[in-house]
Amino acid sequence: MTGNANTSIKCSVSSCAYHSGQQHCCTLDEIKVGCTTNDVATCASTECASFKLGNHGTCCK
């Protein structure tokens, strides 16, 4: 993790420990996308597997 906003990874999940705040980007160099079901046919079947709950609250904007 660099700690700087990675403008290649947009993020609106402010509760994540890797959220860059006002820049709405991720601070990781890369993320891992995972599946939430065995049958992946929609976006709802995927998740950011790099998510880590931070101390930014629980709001998703």
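The values are calculated or read from the model by the stated rules, or taken from the named source; none is laboratory data. Computed from a predicted structure; not experimentally measured. Every residue, glycine among them, receives a Cβ derived from its backbone with ideal geometry; neighbour counts consider all protein chains shown. In case anyone asks, the SASA skips ligands and DNA or RNA and just uses the protein heavy atoms, side chains included. Shrake-Rupley method; radii C 1.70, N 1.55, O 1.52, S 1.80 Å.
When you restrict to C-alpha pairs under 8 Å that are six or more residues apart and normalise by the size of the chain, the relative contact order lands at 38 percent.
Legend: translational diffusion of the chain by Stokes-Einstein, Rh = Kirkwood radius over C-alpha pairs, 25 °C, 0.890 mPa s; D = 203 µm²/s. Taking a point 7 Å out from the Cα of Ser15 in the direction of its Cβ, the residues of the stretch 32-58 whose backbone N falls within less than 12 Å of it are 52-58. Surface composition of the chain: carbon plus sulfur atoms contribute 52% of the solvent-accessible area (1.4 Å probe, protein chains only, all chains present). Largest accessible area first, the listed residues Glu30, Glu47 line up as Glu30, Glu47 when surface is computed with a 1.4 Å probe on the assembled protein chains. Accessible area per residue for the chain, computed on protein heavy atoms with a 1.4 Å probe, is 73 Å². Phi-derived couplings, Karplus 6.51 cos²θ - 1.76 cosθ + 1.60 at θ = phi - 60°, listed residue by residue for the stretch 27-40: 9, 6, 6, 8, 10, 10, 9, x, 9, 9, 9, 6, 9, 8 Hz, with x used for Gly and Pro.
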